[in-house]
Every structure is written in C-alpha cells, then in structure tokens.
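Visitor: To start, I am sharing the structure in question, which I have written as structure tokens.
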Amino acid sequence: MSSDDERGTEPGQQPEAEQLALIRETVRTAKVPRAKPRTWRGAALAAELPVARVVVNKGVLHLDQFFDYAVPEELADEAQPGVRVRIRFGAGAHQVRGGRREGGRLIDGFVIERRADSDYSGPLAALAGVVSPEPVLSTELLTLARAVADRYAGSLADVLQLAIPPRNARAEAKPSPEPLPPPGAPEPGTWQRYAQGPAFLTALADGASPRAVWTALPGPHWADELARAVAATLSSGRGALVVVPDGRVAARLDAALTTQLGEGQHALLTAEAGPEKRYREWLAVRRGAVRAVVGTRAAMFAPVRDLGLVAIWDDADGSHSEQHAPQPHAREVLLLRAAHDKCGFLLGSTGCTVEAAQLVETGWALPLGADREQVRGSAPLVRTVGDGELARDGAARAARLPSLAWQAVRDGLRTGPVLVQVPRRGYVPRLACERCRTPARCRHCAGPLEAPQERELRCGWCGRGEPDWTCVACGSPRLRAQVVGARRTAEELGRAFPAVPVRTSGRDHILDSVPARPALVVSTPGAEPVADGGYAAALLLDGWAMLGRPDLRAGEEALRRWMQAAALVRGQDEGGVVVVIAEPTLRPVQALVRWDPVGHAQRELAERGELGLPPVSRMAAVSGRPAAVEAFLSAARLPPDAQVLGPVPLPVTDPARPRRPGDPPPGEPWDRALLRVPPGSGAALASALKETQASRLARGSADPVRIRIDPPDIG
C-alpha cells in the first residue's frame, strides 16, 4: 500500500498533515522514476493495468487521498473502476518483516482507476478481494463527492458513505427491469396558474435547462405540478431528480408521479423502504432502468443518467441538512449538480428562503410565481390577534382563546375540521426592544444579545458586553423577552369544545390525513395532516414562541411554519380563515397576512447584506473544549479577510432533548467560535479549516474539535 503523499520527508520522519501541500508540490515537480508494480511475495499480477488506485472507506481527514494497490491476476477481470474491494489498511500494512506482511486490517474501498504503474517505488500490497463486480462509483458521482467534501471541509470517504447505500446481495443479484420508453410531453395543467409556468414545462420538454425559484400557491396541487415537471424532463429523453423533506411528502409525490407517468417510470428512495428495496431501487437508477427519482435527503446523490432536472421541495426544512459528516445541505448539493451537469434546477416551496431570494437577485435563477389575483383567491383570509388585544379580552382570560379565535373555530366546525398549530415547547427566550420589539443585536457583529442568569447584557456570538444598549429603531433602552409563557394543549381545547372530537398529530404519532368531518386537529409544526377538501379554519397559537427562538432564522422559520399550516386551509373564496396569535406589526406576521413570502425574504436578504450575515457571507462554526478551540484558531491559516467572532460558551444542552450531532458532551463546557468571510472566500476558509483539522488528527490530538460549514443555527 502506498500514498501519493508519503514521499518527500526526511528519513525517520512521520508524514504530517501540515506537510501535505508541500509534499504534493514536490511529487508534481520532481521527476520520480516509476517503479514496476510488485507485491510482497512476488505474486502474479494482472497482465494489463496491474495497479488499482483506491479510495479507502475510512473518513479520516489526514488520510483523505488515494492509495495504490497491486491487482492480483485472479482479480484482473473483476477489479474494475467503480467496484467495491477489500484491502489491508492500517499500521504495518506496508511493512515487511522476515518476508511476511504484518499488521493492517481488512476494510472496504472503491477502485477509482486501473493504472499501468505507480508513483510509489516500493512493493505494493495486493487487493485482498472484490466484494462485488457491480460498479457503483461512477466518474460523475466521484466528481460530485469530491466537490461536496471540499465545500464542507470533509473527507471524500465520508461523502461516499452518504452517496452510496450499503450493499445488499439479494437486491444486487436480481436484474433490473428494461427501461420504459419516455412519456409524451404533459399538458400544463395547474401550471397555467403561474405566468411563466407553461413556458417552464415547454423548455424542459424541448431539452433546455431552465433554472427557477418557484413560489407555489397554497393547496394540494404542488405534487401534481412537480410530477408534470418531471414528466416534461423525461419526455426530452433526460433524467430527473426530486428531493423532498420526509417520507410523508415523498409518498404524496410518489402517488402523483404514478398517476402522471404510470408504474415503472420512477424510483422512490426513502429510508422507510428498507435496505433491500432501497438498494434495489438505487441499482435500477444506476443501471439506467429508471431515469426519474424522488426521495429524501440521501437521494441528492442518486446516480441519475443524463440528468436534465434537479428539484428540491421546501429547502428550509431542517431535514434537508445531513446530520452525518460533513453535514451537507441538499440544496447546495443540487446546486453543485446543476452547475456541473448543466441541467435544469427548480427550487419550490409555499414560502421563500433568503437563499432562494439570493438566487433570484443574482440572476442565477428566474422567479416563478402567480399574480396577486391568483394568490388572493387561493390563500385563506388571515386575521391577527396581538398580545395587547389578548390581555384585554375577557373570553381569552377565561378560555385561553381570544374571542376572534373562538368564533373562527365555531364557524369552521360547522363545515369541516379545524387545524390548531401549537409550537414545540422549550425555546430559549431572545431579547427585543420592549417598545417596538426590534430584536436586540450586537453593534459589533450583529449577533443576538442575551443576559444569562439575568446578569449583564452580552453578545451570544462574539461575547462583547453591551451595558449601554439602546434600540436602533426607536431609541428605547428597555428590553423584554420575546417569548410569552402561554401554553395551549389539546386537553384544554377539548374542554373548551366538549362536543367535538379532538385528534393530535406530533412527533410520537403523526397523522397523514383526516376526513372532512368536523373535528379539532391539534398539531405541532411540520406534523399537520392533510384534510380532505381542506380545513375550514386554522388557529396558529403562541406566535411569540415561534418568533422568540434565539436564531437568525426565527422570523423566516415562523413564517414558513405558519404558511405550511395555512396552505392546508380552504381558499378565501371558499370561506377559509386563519387566525394567528402574534403581534400584528411584526414583519413575518404582516407577510403572512399579505401572503407575501418573497417580499419577506427579499427584505431579510437586504438586511443581512448590510450586516454581513449569511447567505451574503459564508460562515463556519468551530466548537470544542475552550483550550482546544483556542489552539485550533491559533494554528489555522485563515484567509486574510476572515473575521473571528468569539469564542463564547455554548449553551448547556437540555438533558431531556434528544442529542444531535454537534452537541457537546452532557455536562461538559464547550466553546464555539464563528468564522465569517465575504463572498468568494468560502472555499479558502473551508480549505484552511480542513488543513488544520487534518494536522491535528495526524498528530493524534485527544481533544475533539468539530467544524460545521454553514451552520444552520448561529443565533
């Protein structure tokens, strides 16, 4: 076994990760004689291309490189590029003592290419075996995985573990069906509700590659519209890939695609399918038997042939962010695929993220939406109740529902079910101006201000104190917590409406749909079931809790959750009403009333541009024990324009909350530093962080340091 980076060191010196760049340059410029491949015991080698370049399935940064192995004669036919192989790897795998190979353990890898010779002059370890002759790693997938690893400061092996599902021998032994002929171009259908909708479908059917940010109208038609976009792409002889947040959404789109295309034209890649079925579907895609894919997060790497369209639905959903290293986001991976494969791109949602607004503002994608008349007819009537009105309302004090909400529920229950959205408990309060409720932010870095244990005011990002804070909007020096401790539960609503059945939908038990009969449906955000014919009304309770999350995206996320629930309500023309319990003057509430997610995202983007916040800038989070973070930052060769915010202590993790990747160990104090760079320096920042982390791992550093590029929660 050898590496391209093992030469150029002094005798007896261990190759260290900080020398990798110098070593690579030495290998490129020096005239190194290529050795004839040979193995430890002189075993017979393949007659042609006896060297296999292998990527090791071991996600360690300082081993993020290719290794050369000798190809034994008996494996010459099976050890082809893209197949899984078994190799000896580890301490002693490339040492000979007494004429016998020692050390090293058998692990998996992928053959990248076959070569006639090797850059390594010593004897090569031989491939131990071929796991399967099925080529699962194509050149296109390898290029994509490399780009994702570089963007997120991760290793190629980690990305390949996300991209290629585990092998299942029974699924692999079964042949995939013959590919069906492409369907005909679909009719526009409900795409006619959008000014540029029919033209978008026509462009896909003609073999063009349009790129659009689609603001979908409320209602159940989004799945059919996505299915028609896929059908238009297939009709041009190309493939299509759609990534959705979860299995429930995937099932709706799966049904719409089956209706539009018939059986056998698309594959469904979700974890709920089980390992054998999922691998069988994945193989059908790789073999070219199926050219359309719908799936959850991992499907972003699906090896669709002749890709003509990549699409993502609801890119703001947290499920699109991978929780395993290097934690890529499906939207960014699909953007990389669209740029590399020069294919069409469609980002769809009932809301609009700042990232989507940025794609339109830069001209990379075109907006795809309906006119105001269509929006007003499709969206429900939205009414608001502020906390001042709530405090003066006698009915609200008695029944914990304001009179307006009470009346909306009573009227709605006459004609159908009523949805009640209750936010999850446990949000940490965020501070805001007491008079105008403008969020309190640091004057130095625009981070959120906090007062831990009711002590002095300080920034949650850079740690600077703010003893003389005043509101930038109205000048008031007084602060308040944005979260009001109101708790509505399904039991209390059941007591308020004793003659009406109450159904709940949440993390432990999520309903897919409910009948059109009158009922109260209490749901947490994201778990709302679809009602047959739409809900007659909806209550969006405790808006302060949604808006009070200590995060830069609190307003955007609250608006998205509200619009997702309100989109399930009948349109205003059919009498649908939504009541939101939140301060009417707040920007997200006003955007909901006007049903204007695009305008909200554009204003958020403009403000973040002024403050230098993502996505206008690129950010990375470095967390670990305080001493480890300080040492990491001291050793890192950051870009000259990088700004370091912090480190500051991470909040203590709630022991009752399930642990997530990136959480500090329970009870252990960790610090976090945020690194910010302007546009154009994101690649340099990721490279510097990866190099520093590789150096630490090569030296065997005991203190863990975690790196997250584009952290979703920066405060």
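Visitor: Take segment 563-606 and flag every residue that is in a helix (DSSP H, G or I) and modelled with pLDDT under 90.
Guide: Gln572, Asp573, Glu574
Visitor: Could you list all residues from segment 550-562 that are assigned to a loop (DSSP other than H, G, I, E, B) and either outside the structural domain of Asp508 (by TED's automatic domain parsing) or buried (at least 23 other Cβ atoms within 10 Å of the Cβ) (or both)?
Guide: Initially, segment 550-562 is screened for residues assigned to a loop (DSSP other than H, G, I, E, B), giving 550-553.
The one that is assigned to a loop (DSSP other than H, G, I, E, B) and either outside the structural domain of Asp508 (by TED's automatic domain parsing) or buried (at least 23 other Cβ atoms within 10 Å of the Cβ) (or both): Leu552.
Visitor: If you take the residues of segment 433-474 that are surrounded by 13 or more Cβ atoms within 10 Å (Cβ to Cβ) and at positive phi, which of them is modelled with the highest pLDDT?
Guide: Checking each candidate, the answer is Gly463.
Visitor: Moving on to the next point. Within segment 495-508, how many residues turn out to be in a loop (DSSP other than H, G, I, E, B), more than 24 Å from the chain's Cα centre (by Cα) and surrounded by fewer than 19 Cβ atoms within 10 Å (Cβ to Cβ)?
Guide: Qualifying residue count for the region: 4.
Visitor: Could you please let me know if Val230 is modelled with pLDDT of 95 or more, of a type in the set (A, V, I, L, M, F, W, C) and not in a helix (DSSP H, G or I)?
Guide: Working: modelled with pLDDT of 95 or more: yes; of a type in the set (A, V, I, L, M, F, W, C): yes; not in a helix (DSSP H, G or I): no.
Here the answer is no, as Val230 does not meet what is asked.
Visitor: Might you let me know whether segment 250-267 holds any residue that is in a loop (DSSP other than H, G, I, E, B), crowded, with 20+ Cβ neighbours inside 10 Å and of a type in the set (Gly, Ala, Ser)? Steps first, please.
Guide: Within segment 250-267, the subset in a loop (DSSP other than H, G, I, E, B) is 262-266.
Keeping just the survivors that are crowded, with 20+ Cβ neighbours inside 10 Å gives 265-266.
Next, from what is left, pick out any that are of a type in the set (Gly, Ala, Ser): none.
No.
Visitor: Considering only residues that are within 19 Å of Gln260 (Cβ to Cβ), outside any helix (DSSP H, G or I) and within 15 Å of the chain's Cα centre (by Cα), which ones fall in segment 273-301?
Guide: Once the filter is applied, which keeps residues that are within 19 Å of Gln260 (Cβ to Cβ), outside any helix (DSSP H, G or I) and within 15 Å of the chain's Cα centre (by Cα), segment 273-301 yields only Gly295.
Visitor: Out of the residues in segment 416-432 that are among the small types (Gly, Ala, Ser) and in a loop (DSSP other than H, G, I, E, B), state the one that is modelled with the highest pLDDT. Working first, answer last.
Guide: Residues of segment 416-432 that are among the small types (Gly, Ala, Ser), as a first pass: 416, 426, 432.
Of the ones still in play, those that are also in a loop (DSSP other than H, G, I, E, B) are 416, 426.
Working: Gly416: 92, Gly426: 33.
By that ranking, first place goes to Gly416.
Visitor: Would you be able to tell me the number of residues in segment 166-198 that are in contact (Cβ under 8 Å) with a residue 60 or more places away in the chain, in a loop (DSSP other than H, G, I, E, B) and exposed (fewer than 11 other Cβ atoms within 10 Å of the Cβ)?
Guide: Total satisfying the criteria: 2.
Visitor: Right, another one. Checking Ser321 against (1) of a type in the set (Gly, Ala, Ser); (2) under 25 Å from Val83 (Cβ atoms); (3) in contact with a strand residue (DSSP E or B) (Cβ under 6 Å, 6 or more places away or on another chain); (4) modelled with pLDDT under 95, only one condition comes out false. Which one?
Guide: (2)
Visitor: What's the number of the condition Glu492 fails, among (1) under 29 Å from the mean Cα position of the chain (by Cα); (2) at pLDDT below 80; (3) under 26 Å from Arg570 (Cα atoms)?
Guide: (1)
Visitor: Ok, one more. Working carefully through the options Pro37, Pro15, find the one that is touching a Pro at 6+ places or on another chain (Cβ under 6 Å) and at pLDDT below 90.
Guide: Checking each option against the conditions leaves just Pro37.
Visitor: Considering each residue of segment 42-77, count those that are in a loop (DSSP other than H, G, I, E, B) and surrounded by 17 or more Cβ atoms within 10 Å (Cβ to Cβ), and give that number.
Guide: 8
Visitor: Kindly evaluate Leu390 against the criterion of being under 32 Å from the mean Cα position of the chain (by Cα), modelled with pLDDT under 85 and either β-branched (Val, Ile, Thr) or outside the structural domain of Ala216 (by TED's automatic domain parsing) (or both).
Guide: No; evaluated as a whole, the condition is false for this residue.
Visitor: Name every residue in segment 143-165 that is assigned to a loop (DSSP other than H, G, I, E, B), within 21 Å of Pro711 (Cα to Cα) and not aliphatic (A, V, I, L, M), in order of residue number. Don't jump to the end; show me each part of the working.
Guide: Just the residues of segment 143-165 that are assigned to a loop (DSSP other than H, G, I, E, B), to begin with: 152-155, 164-165.
After this cut, where a residue has to be within 21 Å of Pro711 (Cα to Cα) as well, the list is 152-155.
Hits for segment 143-165 are Tyr152, Gly154, Ser155.
Visitor: Restricting to segment 280-303, name every residue that is closer than 23 Å to Ala173 by Cβ, of a type in the set (Val, Ile, Thr) and in contact with a helix residue (DSSP H, G or I) (Cβ under 6 Å, 6 or more places away or on another chain).
Guide: Hits for segment 280-303 are Val290, Val293.
Visitor: State which residue is nearest to Val409 (Cα to Cα) when the search covers only segment 514-526 and only residues that are in contact with a helix residue (DSSP H, G or I) (Cβ under 9 Å, 6 or more places away or on another chain) and in a loop (DSSP other than H, G, I, E, B).
Guide: Taking segment 514-526 as the starting set, the residues that turn out to be in contact with a helix residue (DSSP H, G or I) (Cβ under 9 Å, 6 or more places away or on another chain) are 518, 520, 522-523, 525-526.
Applying the additional criterion that residues be in a loop (DSSP other than H, G, I, E, B) yields 518, 525-526.
Numbers: Pro518: 10, Pro525: 19, Gly526: 21 Å.
Of everything passing the filter in segment 514-526, Pro518 is nearest to Val409 (Cα to Cα).
Visitor: A further question on this structure: When you check Leu685 against the structure, is it part of a helix (DSSP H, G or I) and within 19 Å of Gly646 (Cβ to Cβ), yes or no? If you could, list the steps in order and put the result at the bottom.
Guide: On the way: part of a helix (DSSP H, G or I): yes; within 19 Å of Gly646 (Cβ to Cβ): yes.
Considered against the rule, which asks whether it is part of a helix (DSSP H, G or I) and within 19 Å of Gly646 (Cβ to Cβ), Leu685 comes out as yes.
Visitor: Could you list, in sequence order, all residues of segment 597-624 that are over 22 Å from the mean Cα position of the chain (by Cα) and buried (at least 18 other Cβ atoms within 10 Å of the Cβ)?
Guide: Gly624 - this is the single residue of segment 597-624 that is over 22 Å from the mean Cα position of the chain (by Cα) and buried (at least 18 other Cβ atoms within 10 Å of the Cβ).
The values are calculated or read from the model by the stated rules, or taken from the named source; none is laboratory data. Keep in mind that this is a model prediction, so the values were computed, not measured. Note that we place each Cβ from the backbone using ideal geometry, even for glycine, and neighbour counts take in every protein chain shown.
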